[in-house]
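**Student:** Handing you this structure, nothing more for now.
The values are calculated or read from the model by the stated rules, or taken from the named source; none is laboratory data. Since the structure is predicted, the reported quantities are computational estimates derived from the model, not experimental observations. Backbone-built Cβ (ideal geometry, glycine too); neighbour counts: all protein chains shown. The area values use the complete protein model at the heavy-atom level, side chains included, leaving out ligands, DNA and RNA. Shrake-Rupley method; radii C 1.70, N 1.55, O 1.52, S 1.80 Å.
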Amino acid sequence: MTVATTAMRASARLVLSIFLLCFAGMALAQTGEITESDKAVFAFFTLNGHTPAYEEWVENSPKYLAQTTYEGKREVLETELLRLKWGFGTYNVERDFIKIRTPVKLLIQGNYLAFSFHEASGKNVPYFPFPYGKEWIALLINDLDPLFELELTPEERARTASLPKNRVFDGEIVLRLRPIKADNNNTQKLDGTDHWLMMADTGRLELLSGDTVLATYTAPWFLESAEKGVLPSLQQ
């Protein structure tokens, strides 16, 4: 066997290994779910120009800690490392928004629908915590203040016609948030726990009662990007 032949075979094995890794990653991307919590961590590190400590992240996750055998832990570690590395490698902070769905209190007064968060008083905005290993990332929304009261369109008034007026009732809010800034220099203590802080802008907001969307707000820049086809479907 010549040196050239050996080199060619080694090169072929390398190409095959890369192909198999890419194929495994694509297969996992089709079946392994990337959660909103994962995306929050991806966003934090993307905005700071760093890479997550994948093994530490996985080894402190509930899925890993729930395993009681070496084989189980190893399988979770290998699967999660591949899933998270693939997810981070394909993550785009400009289009892969973080989706949050959480309960709110709703109030219809005249032609306006107002909301407030359960965890906060008045028009205060709560933070949304996401775990990263033994640490926490707090997502804060930068621009909700003008949106606590939405003026209803004629179509929205029709959808809310049968709902109680001037009385608080339970509902939900769905937010699609674009992370814009993250601080990896200092943590801040929130409710007694240190958090890394990350800010986000609101791209889309929906207020719901049951499965009925009562009112919506879409940021102009979000709408323009969606019309250009550079954002995912609002149904996701």
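**Student:** Could you please give the count of residues in segment 80-103 that are open to solvent by less than 40 Å² (accessible area, probe 1.4 Å), in contact with an Asp or Glu (Cβ under 8 Å, 6 or more places away or on another chain) and not in a helix (DSSP H, G or I)?
**Tutor:** Summing the residues that are open to solvent by less than 40 Å² (accessible area, probe 1.4 Å), in contact with an Asp or Glu (Cβ under 8 Å, 6 or more places away or on another chain) and not in a helix (DSSP H, G or I) in segment 80-103 gives 3.
**Student:** Tell me which residues, restricted to segment 104-133, are in a strand (DSSP E or B) and either among the hydroxyl-bearing types (Ser, Thr, Tyr) or modelled with pLDDT under 95 (or both).
**Tutor:** Those that are in a strand (DSSP E or B) and either among the hydroxyl-bearing types (Ser, Thr, Tyr) or modelled with pLDDT under 95 (or both): Tyr112, Ser116, Phe117, Tyr132.
**Student:** Additional query: Within the bounds of segment 18-32, is there any residue that is within 30 Å of Ala138 (Cβ to Cβ), open to solvent by less than 70 Å² (accessible area, probe 1.4 Å) and modelled with pLDDT of 95 or more?
**Tutor:** Checking segment 18-32: not a single residue is within 30 Å of Ala138 (Cβ to Cβ), open to solvent by less than 70 Å² (accessible area, probe 1.4 Å) and modelled with pLDDT of 95 or more.
**Student:** Separate question: Only one of these conditions is not met by Lys189: (1) open to solvent by less than 70 Å² (accessible area, probe 1.4 Å); (2) in a strand (DSSP E or B); (3) of a type in the set (D, E, K, R). Which number is it?
**Tutor:** Unmet condition: (1).
**Student:** On to the next question. One residue is enough: does segment 65-79 have a residue meeting the conditions more than 17 Å from Leu177 (Cβ to Cβ) and surrounded by 18 or more Cβ atoms within 10 Å (Cβ to Cβ)?
**Tutor:** Yes, that holds for at least one residue.
**Student:** Give segment 138-151 a look and list any residue that's touching a residue at least 12 places away in the same chain (Cβ under 8 Å) and open to solvent by 10 Å² or more (accessible area, probe 1.4 Å), or say none.
**Tutor:** Hits for segment 138-151 are Leu140, Ile141, Asn142, Asp143, Asp145, Leu147, Glu149, Leu150, Glu151.
**Student:** Say we look at segment 60-89 and pick out the residues that are of a type in the set (Val, Ile, Thr) and out of contact with any helix residue (DSSP H, G or I) (no Cβ under 7 Å at 6 or more places or on another chain); which of these is nearest to Ala40 (Cα to Cα)?
**Tutor:** Once the filter is applied, the top-ranked residue is Thr79.
**Student:** Kindly establish whether Arg167 is touching a strand residue (DSSP E or B) at 6+ places or on another chain (Cβ under 7 Å), of a type outside the set (Val, Ile, Thr), open to solvent by 80 Å² or more (accessible area, probe 1.4 Å) and farther than 18 Å from Leu197 by Cα. Steps first, answer last, please.
**Tutor:** Details: touching a strand residue (DSSP E or B) at 6+ places or on another chain (Cβ under 7 Å): no; of a type outside the set (Val, Ile, Thr): yes; open to solvent by 80 Å² or more (accessible area, probe 1.4 Å): yes; farther than 18 Å from Leu197 by Cα: yes.
It is false that Arg167 is touching a strand residue (DSSP E or B) at 6+ places or on another chain (Cβ under 7 Å), of a type outside the set (Val, Ile, Thr), open to solvent by 80 Å² or more (accessible area, probe 1.4 Å) and farther than 18 Å from Leu197 by Cα.
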